[in-house]
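Some notes on the structure that comes next.
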Amino acid sequence: MIQDQRGEKLSNVGSHADGGLDDAGLEKFAQRMRAEKLPEIATNSFIEALRYVSAGGVTTISEGAIKPVVSLPEAADLEEFAEAGRAAASKTAVIKLNGGLGTSMGLSKAKTLLPVRPGLCFLDLIARQVLWQRANWGTRLPLVLMNSYRTRDDSLAALSAHADLASGIPLDFLQHKVPRIDAETWAPVEWPADESLGWCPPGHGDIYIALESSGMLETLRSNGIRYAFMSNADNLGAVLDPKILGWFATEKLPFAMEVALRTESDKKGGHLAWREGRLMLRETAQCSENDVASFQDIDRHHYFNTNNLWIDLDVLADKLQDGSSGLPLPVMKNVKNVQPKDPSSPVCYQLETAMGSAIECFEGAKAIVVSRERFAPVKTTNDLLSLWSDAYRLSEDARMIPSDAEANRIRVIDLDSDYFGHVDDLQARFPEGAPSLVKCQRLSISGDHHFGAGVSIEGSVSLVNESSEVVEIPAGAVLRGR
């Protein structure tokens, strides 16, 4: 079930004559999904979204339709719930979103297979986090990945090194895929040279119907699991917190979102707001050009979604029984080139939903403010360089946390994408490892630079090389800025 961006349930919308795809046009997409043996709940959800968007349905959320969130409770004040959280852990699963390939960093495999420390990738640390909590809390705490078709085999192979992860519950389930839409003809994209380019992920909002269609939701509940902590697999600060779990279970909440205070570096991310008495999430793709200034105003909209979410699986199961196409999540229309590396290739649309937007679907859902220790995602090589450096340390419970967390410093890394944009580029230019960034406030690099061992960056440093020659930063150099 799809809602428009005002939160109203869709009525039947148009035929091709009045701007929407007619039944025959929609059926082409449905047939393609059924030919791939995708479940009906995924097909129905996509067709409802396509029907709405093709008829000109609004996919933005205006500033006038929402109200800012002024204040929220803080996780730091929940210590009284820690014991209840450790007790509730026996009924809790950790679910990690692991569908990303990291193509923007030049990868063709799961991003979580990238090294974080020598001999340790993201998945190794996630496994260690869960195993540490099992050992210290005396609970089985299942780990479950939501994989994509492209990340499943490699990721499960990596986890096989941790045989003690077995919990009697499968280690993963698959997210769905949906057809891409030709922007000119509104027909399914055809690309014979690479048929996979006719498909795209449906966004992480797919997690709810993927849990249902895969049978994982029923498996978890039949094994006594009521609560799930869901987060991005590339965020190594996102571990199950007993205080938040205890608060969530004691307050009998259906859904909760962890948010953090926005800074200038977060202003383009989705923010929390009120709409018609419920908390809701507005993403960048749902913001019109006229509202960009207010969307990015961190003094107006204080909180951003960390994508660390808590959900009562019993409530979710009841919700999914209400319809044949999942939760009524707002749909976003993203514009892409069919061949991502070829801007001259045809333009297509991808319809996506965000899992955080489900907060509006659950009456009584709440948000809780957390520290930035719980938010350290890796989206670009800028983030990866920071994570590789001494700006982060590996904690006893296998979290990657800021070395200077008490200072609450927001470090900005801005690397020239032409020379540092891919992981191979990064490794080639830092062959001896990342420089020391623990005292760095900002590092900006333009042009080609190669770094020796033991380089330190302090303060705000800008390196510019406009020549075609490589600039060598010698081993042991200390680069200081203001």
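Key figures for this structure:
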quantity	calculated
Residue match in region 382-389 (condition: more than 19 Å from G100 (Cβ to Cβ), of a type in the set (D, E) and touching a residue at least 24 places away in the same chain (Cβ under 8 Å))	no
Qualifying residue in region 417-430 (condition: in contact with a strand residue (DSSP E or B) (Cβ under 6 Å, 6 or more places away or on another chain) and over 22 Å from T263 (Cβ atoms))	yes
Lone qualifier among R140, R51, R134 - being touching a residue at least 24 places away in the same chain (Cβ under 8 Å), within 23 Å of I225 (Cβ to Cβ) and surrounded by 16 or more Cβ atoms within 10 Å (Cβ to Cβ)	R140
Single unsatisfied condition, A127 versus (1) within 21 Å of H422 (Cβ to Cβ); (2) in contact (Cβ under 8 Å) with a residue 24 or more places away in the chain; (3) not basic (K, R)	(1)
Checklist (1) crowded, with 18+ Cβ neighbours inside 10 Å; (2) in contact with a Ser or Thr (Cβ under 9 Å, 6 or more places away or on another chain); (3) in a helix (DSSP H, G or I) applied to S104, failing item	(1)
Lone qualifier among K67, K9 - being modelled with pLDDT of 95 or more and of a type in the set (K, R)	K67
Residues of region 202-229 that turn out to be part of a loop (DSSP other than H, G, I, E, B) and not β-branched (V, I, T), as a count	7
Verdict on A453 being under 29 Å from S108 (Cα atoms), more than 30 Å from the chain's Cα centre (by Cα), at pLDDT 95 or above and outside the structural domain of A110 (by TED's automatic domain parsing)	yes
Sole residue being over 19 Å from V116 (Cα atoms), among the hydroxyl-bearing types (S, T, Y) and modelled with pLDDT of 95 or more, chosen from S444, S436	S444
Close pairs (6 angstrom Cβ cut-off, 6 or more residues apart or separate chains): of a type in the set (D, E, K, R) and crowded, with 21+ Cβ neighbours inside 10 Å in region 350-372, at pLDDT 95 or above and part of a helix (DSSP H, G or I) anywhere	none
Positions within region 417-470 being hydroxyl-bearing (S, T, Y) and in contact with an Asp or Glu (Cβ under 6 Å, 6 or more places away or on another chain), in sequence order	Y419, S436, S444, S446
Residue list for region 37-61, filter: more than 17 Å from S325 (Cβ to Cβ) and at pLDDT 95 or above	K37
Test set (1) closer than 18 Å to Q175 by Cα; (2) in contact with a helix residue (DSSP H, G or I) (Cβ under 7 Å, 6 or more places away or on another chain); (3) in a helix (DSSP H, G or I) - V94 fails condition number	(3)
One residue from D297, D312 being among the acidic types (D, E), over 17 Å from G64 (Cβ atoms) and in the same structural domain as D206 (by TED's automatic domain parsing)	D312
Which numbered condition E396 misses (of (1) under 30 Å from L131 (Cβ atoms); (2) surrounded by 14 or more Cβ atoms within 10 Å (Cβ to Cβ); (3) touching a residue at least 24 places away in the same chain (Cβ under 8 Å))	(2)
Residue list for region 298-340, restricted to those being without any contact (Cβ under 8 Å) to a residue 12 or more places away in the chain and either within 20 Å of A55 (Cβ to Cβ) or under 23 Å from the mean Cα position of the chain (by Cα) (or both)	N337
Among the residues listed as I181, I169, the single one being surrounded by 21 or more Cβ atoms within 10 Å (Cβ to Cβ) and either at positive phi or modelled with pLDDT of 95 or more (or both)	I181
Some residue of region 152-164 being free of Cβ contacts under 8 Å to residues at least 40 places away in the same chain, in the same structural domain as V335 (by TED's automatic domain parsing), hydroxyl-bearing (S, T, Y) and crowded, with 17+ Cβ neighbours inside 10 Å	no
Restricting region 264-320 to residues that are small (G, A, S) and loosely packed, with under 15 Cβ neighbours inside 10 Å, the residue that is nearest to T250 (Cα to Cα)	G277
Of all residues making up region 373-383, the number that are under 16 Å from the mean Cα position of the chain (by Cα) and either surrounded by fewer than 21 Cβ atoms within 10 Å (Cβ to Cβ) or not small (G, A, S) (or both)	7
Residue that is nearest to the chain's Cα centre (by Cα), among those in region 184-201 that are buried (at least 18 other Cβ atoms within 10 Å of the Cβ) and not in a loop (DSSP other than H, G, I, E, B)	C200
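The values are calculated or read from the model by the stated rules, or taken from the named source; none is laboratory data. Fair warning: this is a prediction, and the values are worked out from it, not measured in the lab. Note that we place each Cβ from the backbone using ideal geometry, even for glycine, and neighbour counts take in every protein chain shown.
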